[in-house]
Amino acid sequence: MVVASPSPIRTEKIRDIELPIIDLLAERSQVSKLLVKACEEFGFFKLINHGIPDDTIKKMEEESFEFFAKPALEKQQAGPADPYGYGSKNIGFNGDRGEVEYLLLRTDTLSISHKSKTISNDPNKFSFAVIGYIESIRNLACEILDLMAEGLWVPNTSVFSRLIRDVDSDSLLRLNHYPPFNPKNDGDRLATSFHHQIGFGEHTDPQILTILRSNGIEGLQISLEEGVWVPVSPHPTAAFCVNVGDLLQAMTNGRFLSVRHRAVVNSCKSRMSMAYFGAPSPRARISCLPNLVATQKPPLYRSFTWAEFKKATYSQQLKESRLNLFKMINDDQNGE
């Protein structure tokens, strides 16, 4: 979700930092501590021994590759993205562009079954793969969130996961395909001389938590400080990359970091990623957890619903910081 720049900025720096790798089969209390530490320091981590069957992942990947391999006219039958469905180049409604084509799906069964008719030549096969993957990934997201709550010593350890389990959850599955970048003019050759072309511009994820799986091709980069980008190398085993969303930063009173990230395009190989965005019901109210508020650490953000926050998300170019609109200081300045 976001703003693609036509060419990289010359002042950018690339820094190699290895993200934490967390083994979900390790001792539970230790996993909780490591998750909290990773979310405080990086906002991102890699997860191994996650428990999702290889076959579930393989079926989802096969269906994704099969869709993106179709001729353009066939793929367009699943679009235009409204925001759900197939889209290419144009990202969102505010002029954002990228070197990407994508398929955005709601995670409820009825929506998937309906949309599958325009996506696949075998809708039942596609639906079965997507529904199975989403069920597994949702359970994993809830397990991660419960472990985070334990690590934060939250009395109700399901305080995060219940939002995703809500029957009206607004969670999404986004399939992104980045074809190899082929220079076509001098400007493009200049861009590739800086080693990358932006496929999906810098942004933070507005939801609670994102769980990403890619096909092993490099492309994801995160920014822990202005103008510095850290490439996230693919893990050699069946790992997922997990990151904090804006809502989780708000609920933890800024303790967890929703970090800017982007995708760059490989000049030789195509990259495909599958991102699950865990989100609450539109009516869910997001507030800082009481045990994370103290006299010396008052709430950073005012209470808001996911519907309010989502509206703000779609009203801006997504490189903008939406959380800034909900800072408590804004209320004080407006005399509210």
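The values are calculated or read from the model by the stated rules, or taken from the named source; none is laboratory data. Not measured: the values here are computed from a predicted model. Cβ sites come from the backbone with ideal geometry, for glycine too, and all protein chains shown count toward neighbours. Protein only, heavy atoms only, side chains kept; ligands, DNA and RNA dropped before computing areas. Shrake-Rupley method; radii C 1.70, N 1.55, O 1.52, S 1.80 Å.
Taking residues in segment 59-87 that are of a type outside the set (Asp, Glu), and partners anywhere that are open to solvent by 60 Å² or more (accessible area, probe 1.4 Å) and outside any strand (DSSP E or B), the pairs with Cβ atoms closer than 7 Å and at least 6 places apart or on different chains are Tyr86/Gln76; Gly87/Pro80. Going through (1) out of contact with any helix residue (DSSP H, G or I) (no Cβ under 8 Å at 6 or more places or on another chain); (2) open to solvent by 30 Å² or more (accessible area, probe 1.4 Å); (3) among the charged types (D, E, K, R) one by one, Asp23 falls short only on (1).
Close contacts from segment 137-163, counting a first residue that is among the acidic types (Asp, Glu) and a second that is buried (at least 23 other Cβ atoms within 10 Å of the Cβ) and assigned to a loop (DSSP other than H, G, I, E, B), with Cβ to Cβ under 8 Å and a gap of 6+ residues or different chains, come to Asp146/Phe160. On the given criteria, is His261 open to solvent by 10 Å² or more (accessible area, probe 1.4 Å), in a loop (DSSP other than H, G, I, E, B), within 23 Å of Leu145 (Cα to Cα) and of a type outside the set (Gly, Ala, Ser)? So His261 fails the test. Evaluate the following for Arg165: is it modelled with pLDDT of 95 or more and either within 20 Å of the chain's Cα centre (by Cα) or over 23 Å from Ala78 (Cβ atoms) (or both)? Yes; evaluated as a whole, the condition is true for this residue.
Does Glu101 satisfy the criteria of being in contact (Cβ under 8 Å) with a residue 40 or more places away in the chain, among the acidic types (Asp, Glu) and open to solvent by less than 30 Å² (accessible area, probe 1.4 Å)? It is true that Glu101 is in contact (Cβ under 8 Å) with a residue 40 or more places away in the chain, among the acidic types (Asp, Glu) and open to solvent by less than 30 Å² (accessible area, probe 1.4 Å). Note on segment 220-271: residues that are over 14 Å from Asp205 (Cα atoms) and of a type in the set (Asp, Glu) total 2. Does Arg255 satisfy the criteria of being open to solvent by 40 Å² or more (accessible area, probe 1.4 Å) and touching a helix residue (DSSP H, G or I) at 6+ places or on another chain (Cβ under 7 Å)? Against the criterion (open to solvent by 40 Å² or more (accessible area, probe 1.4 Å) and touching a helix residue (DSSP H, G or I) at 6+ places or on another chain (Cβ under 7 Å)), Arg255 qualifies. Only one of Glu61, Glu41, Glu74 is closer than 24 Å to Arg262 by Cα and open to solvent by 60 Å² or more (accessible area, probe 1.4 Å); which? None of the other options fit; the residue is Glu41. Among the residues of segment 265-306, those that are over 15 Å from the mean Cα position of the chain (by Cα) and of a type in the set (A, V, I, L, M) comprise Val265, Ala284, Ile286, Leu289, Leu292, Val293, Ala294, Leu300. A residue that is outside any loop (DSSP other than H, G, I, E, B), touching a strand residue (DSSP E or B) at 6+ places or on another chain (Cβ under 6 Å) and charged (D, E, K, R) cannot be found anywhere in segment 220-242. Mind checking whether some residue in segment 108-124 is open to solvent by less than 80 Å² (accessible area, probe 1.4 Å) and within 26 Å of Met148 (Cβ to Cβ)? Yes. Residue pairs whose Cβ atoms lie under 8 Å apart, separated by 6 or more positions or on different chains, with the first residue in segment 111-129 and within 18 Å of Ala72 (Cα to Cα) and in contact (Cβ under 8 Å) with a residue 40 or more places away in the chain and the second open to solvent by less than 10 Å² (accessible area, probe 1.4 Å) and of a type in the set (Phe, Trp, Tyr), are Ile119/Phe67; Ile119/Phe126; Ser120/Phe67; Ser120/Phe126. Note on segment 264-278: among residues that are within 30 Å of Asp170 (Cβ to Cβ) and polar (S, T, N, Q), the one that is least open to solvent (accessible area, probe 1.4 Å) is Ser273.
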